[in-house]
Amino acid sequence: MFMVGDMRPIDVAERAKRVVAVRSATEAGTAEIERALVATREVRAWADAQESALISQLANVTSTPDPIIAAAGKTSLNRASKARDRANTLDATPSLADALADGTITADHVDALTRGSKQLDEDKRDQLFERANDLADVAADATIDQFADRIRVEIKRLQTGDGMDRLRRQRSNVRVNTWTDAEGMWNIRGRFDPLTGVKLAERLIQTVNTLFAEEVPELCPTDPIEKQKFLAAHALDRLLTGQAPSRTTGRPEYIVVIDADAPETDGPVAEWSLPVEIPPRVLVELAPNADVRAVVVRNGVVLHAPGELTLGRTTRLANRAQRRALRALYPTCAIPECTTTYAQCKLHHIVWWRHGGLTDLDNLVPVCAGHHTKIHHDGWIITLGKNRELTITTPDGTIRNTGPPKRRAA
């Protein structure tokens, strides 16, 4: 069983008093509130460490700890199982266990390691834990996403071969779970290997765009994020019940992006609708009949792309060729710091269609549903420079400028 750090109960009590004092203050400043938030995080981390230590103790005295964990925590068996996984991870990484008990990392850091470890076989999992045990200082200085990225790097170093072994492991972990929740709603959740995931995601996106470009189902929410989830659910329903329009082709497609400014050693990059990595060997072995489309870009400009990219006023909706060309430039929504993937974005007319704008490549930019709403309803104004430099003006007069878009690195 792992140790529980240097933070003592009296230290926890002092942090709790700090939080109570700020909560009771009538005019607490930003710095005081921030310190109280840090104290809250440290107390929560300490409690999570104690819970994991208790779960490890419990596992030593009973072969069925999950029901007891669930009952004591007033939670589900699924959450109890995840709590036991976290305890097992901390048992294998004493440095992270101490860091959690001291409040320098969070349970989410530990959970990121746990999720990553499940991609590996037992031998490589032990090697990952050995490496992660030396990363407590890294975790303490990193956000959860940054630490998860570091874990992914360590996993890649442990995984050898040309990608085929990894794909086989991923395919062995394909799962779909269904259940009915307390509200009587039927739920579905799935995990798929990257090749299958790309195929399913693109099919779902195509179905949403085809079915709901002009009219949405009854009861559709107005919130842009919830709206997209609602439409995706209805598109999935149509797909599973055979009511969706048939595909024009059964051949998979991937885009090869050639960056004319990149060093020759970088080579072309395959771009997908999801942020997944599929080794070239896998493509050669498993997608010999795929449609391969080459797009050449330089400094934010598409130099070459197949298909018609200038539609003028013949149609309001962008065609597949335009979406393909813009995907080569934009991994995500064009608005800075937005992480919504390109596949989930709408193509917005810089000069609005209703104002005479053209459906031409140089008048289109991908934006997520949330930012699309801000542009059309909240007074945001965006313009494009010759190299797709974006200028954003918000109603309060704030102006933001970006450089040319940078596509996802290989």
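The values are calculated or read from the model by the stated rules, or taken from the named source; none is laboratory data. Keep in mind that this is a model prediction, so the values were computed, not measured. So basically every Cβ, Gly included, is an ideal-geometry build from the backbone, and we count neighbours across all protein chains shown.
Name the single residue that is farthest from GLN119 (Cα to Cα) among those in segment 179-197 being within 22 Å of the chain's Cα centre (by Cα) and not hydrophobic (A, V, I, L, M, F, W, C). Out of the qualifying residues, it is ASN187. Across segment 363-393, the number of residues qualifying as surrounded by fewer than 17 Cβ atoms within 10 Å (Cβ to Cβ) and closer than 16 Å to ARG316 by Cβ comes to 1.
Right, CYS338: within 26 Å of the chain's Cα centre (by Cα) and surrounded by 19 or more Cβ atoms within 10 Å (Cβ to Cβ) or not? Step through it out loud before you land on a result.
Working: within 26 Å of the chain's Cα centre (by Cα): yes; surrounded by 19 or more Cβ atoms within 10 Å (Cβ to Cβ): no.
Answer is no for this residue.
Of the residues making up segment 169-197, those that are surrounded by 12 or more Cβ atoms within 10 Å (Cβ to Cβ) and part of a helix (DSSP H, G or I) are ARG169, GLN170, ARG171, PRO194, LEU195, THR196, GLY197.
The single condition from (1) modelled with pLDDT under 85; (2) not assigned by TED's automatic domain parsing to the domain that holds GLN344 that ARG189 fails is (1).
Just to check your reading of the model, which residue among ALA201, ALA213 is on the phi < 0 side of the Ramachandran plot, in contact (Cβ under 8 Å) with a residue 60 or more places away in the chain and surrounded by 16 or more Cβ atoms within 10 Å (Cβ to Cβ)? Outline the logic, then answer.
Numbers: ALA213 fails: surrounded by 16 or more Cβ atoms within 10 Å (Cβ to Cβ).
On inspection, the qualifying residue turns out to be ALA201.
Would you confirm whether any residue within segment 91-98 is in the same structural domain as ILE144 (by TED's automatic domain parsing), part of a loop (DSSP other than H, G, I, E, B) and within 30 Å of GLN127 (Cβ to Cβ)? Yes, that holds for at least one residue.
If you go through segment 315-330 one residue at a time, do you hit one that is at pLDDT below 75 and over 23 Å from the mean Cα position of the chain (by Cα)? Please lay out each step first, then the result.
As a first pass, look at segment 315-330 and keep what is at pLDDT below 75: none.
No, the conditions are met nowhere in segment 315-330.
Applying the condition of being more than 16 Å from ILE255 (Cα to Cα) and of a type in the set (Lys, Arg) to segment 299-328 and asking which residue is surrounded by the most Cβ atoms within 10 Å (Cβ to Cβ) yields ARG316. A single entry from GLY357, GLY370 fulfils the requirement of being in a loop (DSSP other than H, G, I, E, B) and not assigned by TED's automatic domain parsing to the domain that holds GLU226: GLY357. Restricting attention to segment 394-404 and to residues that are free of Cβ contacts under 8 Å to residues at least 24 places away in the same chain and not small (Gly, Ala, Ser), the residue that is surrounded by the fewest Cβ atoms within 10 Å (Cβ to Cβ) turns out to be ASP396.
Total residues in segment 77-109 satisfying the condition of being in contact (Cβ under 8 Å) with a residue 60 or more places away in the chain and aliphatic (A, V, I, L, M): the figure is 7. Across segment 24-44, the number of residues qualifying as closer than 29 Å to ASP181 by Cα and not basic (Lys, Arg) comes to 0.
Mind listing just one residue for me: the one in segment 231-248 that is at pLDDT 90 or above and touching a helix residue (DSSP H, G or I) at 6+ places or on another chain (Cβ under 8 Å) and, of those, farthest from PRO221 (Cα to Cα)? Even if it seems obvious, please write down each step before you answer.
Pass one, segment 231-248, residues at pLDDT 90 or above: 231-241.
Subsequent filtering for residues that are touching a helix residue (DSSP H, G or I) at 6+ places or on another chain (Cβ under 8 Å) retains 231-232, 234-236, 238-239.
Values: LEU231: 10, ALA232: 12, HIS234: 13, ALA235: 15, LEU236: 17, ARG238: 19, LEU239: 21 Å.
Taking the candidates together, the pick is LEU239.
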